[in-house]
1. Got a number for the accessible area of Ser224? Probe 1.4 Å, square angstrom, nearest 10.
2. What part of the accessible area of region 101-150, given as a whole %, is carbon or sulfur when the probe is 1.4 angstrom?
3. With every protein chain kept in the model, how would you rank Lys130, Lys291, Lys207 by accessible area, 1.4 Å probe, largest at the top?
4. Assigning unit charges at the beta carbon (Lys, Arg +1; Asp, Glu -1) and nothing else, what dipole magnitude in debye, to the nearest 20, does region 218-278 show about its Cα centre?
5. Roughly what percent of Cα-Cα pairs across region 203-274 reach past 14 Å?
6. Ignoring ligands and nucleic acids, what accessible area does Asp215 show with a 1.4 Å probe (Å², nearest 10)?
7. If you put +1 on each Lys and Arg Cβ and -1 on each Asp and Glu Cβ, how big is the dipole of region 103-256 around its Cα centre, in Debye rounded to 20?
8. So what is Rg over Rh here for region 186-236, counting just Cα atoms and using Kirkwood for Rh?
Amino acid sequence: MKKTGKSFVTGAVALVFAVLGYQTALLVHYSAVAKIVADRDSPDTVFVYRDSPSGGEHTGGGTVQHARNSQKYVRKTPLRDPVASKIRESVPPSRVESFRFDPNTVTVEEMLRLGFSRAQASGIEKYRAKGGRFRRKEDFARSYAVSDSLFARLENFIDIPRLDINRADSAAFDALPGIGKYFASQMVRYRRRLHGYSSLEQLLEIKHFDREKLDALREFVTLSPSEPYALWELPADSLLLHPYIGSEAVARDIVFFREHNPRSEWTIKNLAAAGVIGRENAARLMGCRIKSAE
C-alpha cells in the first residue's frame, strides 16, 4: 500500500481548516446580525456612574445626564456604524404590527412594521411606481412579494377603497378594468353634463358602454351623492346642456313653464303632463337629485 504524500496531507488539513474557518465566519456573522437586530428591537440602556459634587456637567456625543444627590448617571448613545445601520434596515422588526392599510398607498416604513422585509416592501413599491395597482385582496395575495403566511395574517386588515365615480378623475377611471382612456374621458364628460351620476346604470347611456363593461367594474366603484341639479333656477342656455333636456326648444319651454305657473306647480310630473318634456326623459330626470323648487 502506497504511503499518502505529504502534499496531500497538507492539502487535506488546509481544507479542513478552511471549512472550519468558513463555518466560524458564518456563525460570527449570524451572531453579529442577531445582536444588532436584538439591540434594535430591545435596546439596552447603559448607565455609567460617576461622582459629581456639582450635580453634573454637560457632555457631548449624544449623552443624557441625570443629577441625583450629587451622583451622576450618564446614558450612552451607541455609535451608528454604517454596516450595522444597513443590517437594521434590511431585517424586519421582530415585533410586527397588524393595522388597516391600503396596499396601493402603504409606505415602505409601514410595510416593515407590518412584517415585510425591506426587499419585499421595495418590490411592492417598484410595482406601484410602474403603474401597478391592487384592485382586490386577491391581487395583493398573488404578488411575488407577499407570502401565504403573511397574507393570511394581514388579509382582514387590507382595505382597498372603492373608486367614487362622482369624484374620480379620468386617470383613475382609466385604471379600472376594461375602461381605457376613451371611456375614462367619456365618463368624466357625461358626469359633467348630468351634474353628477345618480346611479351606476347611467353609465350605460354613454355610447358603446355596455352591460358587460358595467358589471366588470361594479365591485371596484362606489357612488357618493351628487350635487342637486338646479332645474328650477338655471337659464335656458344652461338647461339645454343636460342630456335629459338636450334641446334649445325644451330648455326654453321649461323657462316658460316656470314663468307662467306658480312655484307650487313646479314638478317634473307637471312638465311631462304639459308636454314640455317627453315621458322617458321625465322619468330619467326623476331619478336624478333635483334641487327643491321651494
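1. 20
2. Details: 1320 of 2740 Å².
Carbon with sulfur: 48 percent of the solvent-accessible area.
3. Lys130, Lys207, Lys291
4. It works out to roughly 180 debye.
5. When every Cα pair of region 203-274 is considered, 69 percent fall beyond 14 Å.
6. Using a 1.4 Å probe on the heavy atoms, I get roughly 80 Å².
7. 600
8. In region 186-236, Rg relative to Rh is 1.03.
The values are calculated or read from the model by the stated rules, or taken from the named source; none is laboratory data. In this text, all values refer to a predicted model and were calculated from it rather than measured experimentally. Heads up, the Cβs are rebuilt from the backbone with ideal geometry, glycines too, and the neighbour counts pull from every protein chain shown. Please note that ligands, DNA and RNA were not included when accessible areas were found on the heavy atoms of the full protein model with its side chains. Shrake-Rupley method; radii C 1.70, N 1.55, O 1.52, S 1.80 Å.
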